[in-house]
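Visitor: Encoded as structure tokens, here's the structure I'll be asking about.
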Amino acid sequence: MDRDARQDGRFVFAVRTTGVYCRPSCPSRRPRRESVEFFADPKQAERAGYRPCLRCKPTQLSTQVRAVAKARQLLDNAERILTLAELSAAAGVSPFYLQRIFKRATGLSPREYQAARRMSDVKQGLRKGADVTTALYDAGFGSSSRLYEKSTQELGMTPGTYRRGGKQEHISYAVARSLLGHVLVAATGRGLCAVRFGENAGELERGLRQEFHAATIVRDDEGLQPYVRPVLEAIRGEQVSADLPLDVRATVFQKKVWDALRRIPRGETRSYSDVAREIGEAGSVRAVARACATNPVAIVVPCHRVVRSDGELAGYRWGVERKAKLLEQERRNL
């Protein structure tokens, strides 16, 4: 539906009412879902009686697109770690060339891509109720130690805690008044996990408990001052320290977007398209907008610095008025 050109070569879709099959990025009008079926490649579609679209020419993919698609297909279905040499041999290109075009197409190296896939499989298994050992071996981890090495960064907690919905996690929070109204700051023992605005302390506390329903949550205004002070300074337009520790759960894509947001200079703005291009995902503007909307630590990850292509400030979880005020404070403080 998004006509994502990065998916070209990974599959084709065929339309029963026309007898034609297309590549994912085909600009033709989208058919009804019940009229569509999917095939892994053009040969399968043609064996089923479909003919290639004359507009998108699905059989004429470039060598680069075919190589990336083949590598992604192998990585998506791999039961073990695949080396760059193995991938490049299967894709029919040199290792150096595959590394370069794969990174350009996906924003990740083949190794990073496979690591992200494996961690995603672990999360899916844990959410479905699998025990940790089953989830990690099903995802291709050779030992539990390898998974636990990555768990804090990727899950924000150990795999067992993740499986229990945050049970046994301890979260402290504080509520302070700011130029933008009440602000809640929450942190685990590893770092900042939430910054959010609201009309009053009660509303903010209820929202925090709803999100982290299985965790132990206590108010600690004094103990959270090392986090509250820099947040209030940032609201006044001052620079946030890059060393402020964060403990946020993120997909690989979200992490790329949030890292890009933290590189936007104070007082400046970028469009969603600018951010998408910077992370090597030019066709993922809407996904970038979703990543901004789901940012759990407002101000610290400055999603308020992202605007529409026409410069309008629309689209801020905490209200356009706050977004405008934040940008005004930053520019004034420069």
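The values are calculated or read from the model by the stated rules, or taken from the named source; none is laboratory data. Bear in mind the structure is a predicted one, so any value in this text is a computation, not a measurement. Methodologically, a virtual Cβ is constructed for each residue, glycine included, from the backbone with ideal geometry; neighbour enumeration extends over all protein chains shown.
Visitor: Do you know which residues across region 292-321 are touching a Gly at 6+ places or on another chain (Cβ under 8 Å) and part of a helix (DSSP H, G or I)?
Guide: Listed by number, the residues that qualify are 292, 293.
Visitor: Under 8 Å between Cβ atoms, at least 6 apart or on separate chains: pull out the pairs that start in region 78-103 with a residue that is surrounded by 16 or more Cβ atoms within 10 Å (Cβ to Cβ) and end on any residue that is modelled with pLDDT of 85 or more and outside any helix (DSSP H, G or I).
Guide: 88/94; 101/93; 103/280
Visitor: So residue 238 passes all but one of these: (1) without any contact (Cβ under 8 Å) to a residue 60 or more places away in the chain; (2) in a loop (DSSP other than H, G, I, E, B); (3) charged (D, E, K, R). Which condition number does it fail?
Guide: Only one criterion in (1) without any contact (Cβ under 8 Å) to a residue 60 or more places away in the chain; (2) in a loop (DSSP other than H, G, I, E, B); (3) charged (D, E, K, R) is unmet by residue 238, namely (1).
Visitor: For residues that are modelled with pLDDT under 90, out of contact with any strand residue (DSSP E or B) (no Cβ under 7 Å at 6 or more places or on another chain) and in a loop (DSSP other than H, G, I, E, B), scanning just region 4-25, find the one that is nearest to residue 75 (Cα to Cα).
Guide: That would be 10.
Visitor: In addition: Looking only at residues that are under 24 Å from residue 284 (Cα atoms) and either among the hydrophobic types (A, V, I, L, M, F, W, C) or touching a residue at least 40 places away in the same chain (Cβ under 8 Å) (or both) in region 15-57, which one is surrounded by the most Cβ atoms within 10 Å (Cβ to Cβ)?
Guide: Applying the filter and picking the extreme gives 22.
Visitor: Pick from 206, 196, 177: which is under 20 Å from the mean Cα position of the chain (by Cα) and either at pLDDT 90 or above or surrounded by 16 or more Cβ atoms within 10 Å (Cβ to Cβ) (or both)?
Guide: Within the list 206, 196, 177, the selection yields 196.
A quick yes/no check of all residues on (1) over 26 Å from residue 111 (Cα atoms); (2) assigned by TED's automatic domain parsing to the domain that holds residue 190; (3) touching a residue at least 24 places away in the same chain (Cβ under 8 Å); (4) assigned to a helix (DSSP H, G or I):
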| position | (1), (2), (3), (4) |
| --- | --- |
| 223 | yes, yes, yes, no |
| 227 | yes, yes, yes, yes |
| 231 | yes, yes, yes, yes |
| 242 | yes, no, no, no |
| 259 | no, no, no, yes |
| 266 | yes, no, yes, no |
| 282 | no, no, no, no |
| 287 | no, no, yes, yes |
| 290 | no, no, no, yes |
